[in-house]
Each structure stands twice: as C-alpha cells, then as structure tokens.
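Visitor: Quick one: this structure, given as structure tokens, is what I'll be asking you about.
The values are calculated or read from the model by the stated rules, or taken from the named source; none is laboratory data. Here the structure is a predicted model, which means the values were calculated and not measured. Ideal geometry is used to build each Cβ from the backbone, glycine not excepted, and the neighbour counts take in all protein chains shown.
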Amino acid sequence: MPAAAFEQVVLRLPRADELPELRTSLVDALLLGTLPDEARTDGDEVLAAAQADYARLLEALYAQGFYGASVRILLDGREAATIAPLNAPDTVDSVQVIVEPGARFDLGVTDIAPRPPTAEPFEDFRTGAPALATTVRDAAQSTVEGWEELGFAKAQVTDQDIIARHERNRLDVIVRVAPGPRLRFGDVTVGGQSAVRAPRVRQIAGIPRGETFSPDAVERAADRLRSTGTFRSATITEAEEPNADGTLDFTIDVIDREPRRIGAGAEISSLQGLTLTGFWLHRNILGGAERLRIEGEAAQLGGTSGGPDYSLSARFEKPAVYGPDTRFFALAAIEYTDEPDYIDQTVRLELGATREFSDALTGSLGIALRNSRITDRFLPRDADGDYPEREFTLLSFPTSLEWDLRDSALNATEGYFLRAEVEPFAVVSGDGDSGARTELDARAYYSVGENVVLAARGQLGAVVGPDALDAPPEFLFYSGGGGTVRGQPFRSLDAEYDGIDLGGRSFAGLSGEVRVDVRENISVVGFYDVGYVGSEPFGFDDGDWHSGAGLGLRYDTTIGPLRLDVAGPVSGGTGEGVQIYLGIGQAF
C-alpha cells in the first residue's frame, strides 16, 4: 500500500483579495508547494521544507513591507517549528500555512551616507514611502555601486541600523558606507589550466593597467573572453587588499571548451529543394584563441529553380588585434552558383577587421579580391551552341555597421536590430564599370502581454555604377522565397532590361509577423511579406511588386525554435500554389 501524501498546501491569508501581490509572493516562496510527489510521502522531507519556509515566507513579507507578520505552518495540525528533526512524522496528510500579515510599514528615517557626489536623489527610498525590503536593499546597493563606478573598488556597507517601530508602523533605516581609497588597475595574473597562452588571455581581456578602477571595465573584460568562444567560463577576481601604491591586482580564471567542433544543418523548401550545410571548427588553432572554421554548403538539391549550388569557405579569426575590441579575419571561398539566368564560378579572398564599439554596436571593414567567370544564359548562344562567357576581377571594400538591441538573436521578443552594408568595388580586369552595392536590414519586436509578439522587418538594397548586364550577378537583387517573400517562388521576381530579365539594381522588402504562444514551447505565427525589384538603383517607378502570406508553427528547443511555414501568393504574377519552409530559428 503506498504511503500517504498531502495533496495540496492550504494557504490562509486574511484580506487576500486586497493583497493579491502578497499572496502571489507567498505562494511562490513556498518550498512545500513545489515538493515532488515522492517527497510528499516522506515526513523528513516535508518537515525540512516546512521549517525552511518560515524564513522564506518572512522574506516575502518583508519584501512587501509587512514587518509585524506572524507565520504558522501546521503539519497535521502540529506547528512545524516545534517538531524536532529527529521526531519527524512518518507521513503528512495535510499542510496548512496561516499568515497574519498585519499592517504595511512606511519608511521613517532614511539615512544612507556618505553618498557619491554623482548620486541622484532616491525615488522610492524616502520618508513616507512603502518600506519594502527590496527598496532598502537596492538603495544601499546603489550607493556602494556608485562609489565603485568612481574608482572606489573596496566600497562597502560598514554599519546599519534597521528599526521596525510597530507602534507607528514605521521602519527607520540608517546605513553607513565606507568608500575606501580610490584605486587603479594593477597586475593581472592568469590561473587555471588553459591551453591559451597567458599573455594572450590578458591581451584579450584588455584590463587597462594603470587606469582608474571601473566595474564596467572588469565586466567588459570577462565578456571579451567569453565572446571568443574558446572558453567555457571566464571569471575575474579582485585581490582582497589593494597595493601600497594605490593599485588593485586581479586574477583571471578561464576554463577551455573542447578545441574542435563539427556541425551540420539542413533546410528544405518545396521549391528550392534541400539545403545541406556542414562545418569543422578549431577554437584555439595557434594557442592564442584563434578560430578556424571550414564550412561547406550544397543548396537547391532537387529544386525547381536552377541547378545545385555549391560553396566551400575557410575563415580565420584572431581576437584582440590593435586593441581588445578589434578582431582580425581572413576569408577564402570558392562558390559555384547555377541559376536560370547565369552560372557563376567565383573565387574570393578577403582580409579585414571587426570592432565592437559597445555591447550593441559592431562595425566591420575589409578588402576583398574576387575573380568570377560568368556564363550568361540570358544571351543568345553562339554558333557552337554555347552561351557567352565573361571573366572579371573586382577589388572591393566591404563595410558594415550593426546595431543589435534584441533580447535574443534566435527568438527575439523585444528590441531592435539594424544592419547597414556598403561595398564599393573597382574592376581590376575584364569589362564593366566600378560602383557600389548597398543593403539595409531593419527589424523591430514588441511584446503585447505575455503571449503575443509583433515583429516587423524592412529591407532596402541598391547597386550603383554598372548596368545590370555588366554587373556581377550575385550583386543583383531578386525577391521570393524564405528570406524575402514567403509564398512566392524563390528568386521569382526580377527586373526587365529591354526584353531581358535579370536581377534588379534595387530591392525593397517589408515583412510583418504576429507570433502567439499557445503552449509552453509551441507558438503559431501569421505573416505577410511584400517585395519590390526595380531596374534602376533608386525609386519605385521602374519595377514590380509581389506579396505572399501564410501561417507558421514554432516549437522551441535549446538551439532555437524549429520553424514550419506554409504560405501562398497574394499579389503579383510570379507564382501560384503553396510553398513550404522548414528551418531552425525565426524567419527574422
């Protein structure tokens, strides 16, 4: 016969209707309410949770400003606090929690000193305001942090008198803070068993030795180490005591990730067919947290728009070059693209650097050399039945700026994203004119309540300089497919040049989504996409529009939401029927 177990915890709180926030806090604080079924049959487990709940409930009451409360926890009618641990009951059939909150206290005397000269007046920590324990704690914490931000690394609370005056329902708070000396960054040592050389760890962290202490600088140093991807964890610890010369030493402890990693991915579309990707990654190939990533892709396998496309690339990155926030990269790539209008065989080499100007702002500047051999299928065949070919070499300077304020890159619910790219190019050999290609991608996310997210995306692109017939085909714009207009066939919208259909010299796209959570890890999505392609770089008078709409399903996983979109055309003459898209991550 199974042991008895209580089915629920009964919480009795007078004036519960008047104190909904307090009731919620008390329920959330109860360990008894979260015990698993097997623990509910064990008297020792139940008693231990009940006796721990006294302190947890009082903490929840203090956080709401109730300092005269009484708490009783009854196990089968016995006060849990009076039961000795060695005399725990074998089983517990009923649990009652009775809370008498009493009156809510207000703040009386509020004195925290000394405060840093840059401190602003407290908004909630003032006489007459609700005496929430969180308010008191935050006021003391912000005072200490204010001194730390000015370089006083050892600032701390040295004395506090917190007096609850029950006759007047007031809480007097007197706190004394010792700022200590103003300090500068001293020596940095590296601990742990990292395969990355210690000088490189210090160089990547970029702690500014000799400069005034700043907690933000310490946090940025740890973030730089983590962002390399080489380290599983990175912690920076300050010395217990400062040095006699006014400096403070630090120790960096890092734990390495496995140096090598392989991965693969797949995406399928009813029109584009199957896309397969794979990569091999080495996180510390030269002992200085350098990364080498070799990646291959086969796309449009079994698709109905052109033949298979193939690419192979190798990218090398070295962090902390010309400063801790600048990363050097080198890229080599071979690409074969088979489209209805052309075949493009390209070899590309690129050198450059990326710089993090802040947590949200990143810039990139490179120099690239590209050799392309193009087979123009849109032109008549020659006497031998072959399409005309052209070959050229371009020198370009790809530049980008990215501003990312999203709460998540894979599944954003709040924030903004903006990326601007410009790539000026010059013809080194072959025919054609020099020019530039520009792109702009803007996204915004807004939560409505707890279960609905509104997402919007706008895209603009232009090619200036060469005519479309002379431009590199991959620089031209098309619309249709998962990255632009779902429901329209992939790259189905192009531009017309004297009877010849090619990619456009301008592009505009607009997408909107409504994402609704229906279960804990399942959501449905409604979306509408619009795209424009024109033959001139600017304006909307010499091109065509099309649009698509549909519904999607998302299933959240640890690597991002699995995505299924089903869409069809709404306007334009570029497609018909239903398109299906499968992938990982939101569409944008």
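Visitor: Across the stretch 242-283, which residue is surrounded by the most Cβ atoms within 10 Å (Cβ to Cβ) among those that are among the hydroxyl-bearing types (Ser, Thr, Tyr) and either in contact with a Lys or Arg (Cβ under 8 Å, 6 or more places away or on another chain) or in the same structural domain as SER313 (by TED's automatic domain parsing) (or both)?
Guide: Per the criteria, the residue is SER269.
Visitor: A follow-up question, please. Can you pull out the residues in the stretch 547-588 that are among the hydroxyl-bearing types (Ser, Thr, Tyr) and under 19 Å from THR304 (Cα atoms)? Let's see the steps before the verdict.
Guide: At the first step, the residues of the stretch 547-588 found to be among the hydroxyl-bearing types (Ser, Thr, Tyr) are 547, 555, 557-558, 571, 574, 581.
Within the stretch 547-588, THR574, TYR581 qualify.
Visitor: So for the stretch 226-233 (the condition being touching a Lys or Arg at 6+ places or on another chain (Cβ under 6 Å) and not small (Gly, Ala, Ser)), does at least one residue qualify?
Guide: The answer is yes, given that some residue of the stretch 226-233 is touching a Lys or Arg at 6+ places or on another chain (Cβ under 6 Å) and not small (Gly, Ala, Ser).
Visitor: Being touching a residue at least 60 places away in the same chain (Cβ under 8 Å), surrounded by 15 or more Cβ atoms within 10 Å (Cβ to Cβ), under 24 Å from THR558 (Cα atoms) and among the hydrophobic types (A, V, I, L, M, F, W, C) is the filter here; which residues of the stretch 424-463 pass it?
Guide: Matches in the stretch 424-463: VAL453, ALA455.
Visitor: Of all the strands (runs of 3 or more DSSP E) wholly in the stretch 253-335, which have at least 2 residues that are touching a Leu at 6+ places or on another chain (Cβ under 9 Å) and basic (Lys, Arg)?
Guide: Counting at least 2 such residues, we get 260-269, 291-301, 309-318.
Visitor: Kindly establish whether ARG563 is surrounded by 22 or more Cβ atoms within 10 Å (Cβ to Cβ), in contact (Cβ under 8 Å) with a residue 24 or more places away in the chain and basic (Lys, Arg).
Guide: No, not satisfied.
Visitor: Given the criterion acidic (Asp, Glu), in a strand (DSSP E or B), in the same structural domain as GLY306 (by TED's automatic domain parsing) and surrounded by fewer than 17 Cβ atoms within 10 Å (Cβ to Cβ), identify the matching residue among GLU513, GLU496.
Guide: GLU496
Visitor: Can you tell me which residues in the stretch 213-241 are surrounded by 16 or more Cβ atoms within 10 Å (Cβ to Cβ) and in a strand (DSSP E or B)?
Guide: Listed by number, the residues that qualify are PHE231, ALA234, ILE236, GLU238.
Visitor: Could you check the stretch 1-110 for helices (runs of 4 or more DSSP H) lying wholly inside it with 2 or more residues that are in contact with a strand residue (DSSP E or B) (Cβ under 6 Å, 6 or more places away or on another chain) and not β-branched (Val, Ile, Thr)?
Guide: By residue number, 43-63.
Visitor: Taking the condition within 28 Å of GLN300 (Cβ to Cβ), in contact with a Ser or Thr (Cβ under 7 Å, 6 or more places away or on another chain) and hydroxyl-bearing (Ser, Thr, Tyr), does THR393 pass?
Guide: Yes; evaluated as a whole, the condition is true for this residue.
Visitor: Identify, from the list VAL136, VAL97, the residue that is in contact (Cβ under 8 Å) with a residue 60 or more places away in the chain, farther than 30 Å from ARG209 by Cα and buried (at least 20 other Cβ atoms within 10 Å of the Cβ).
Guide: VAL97
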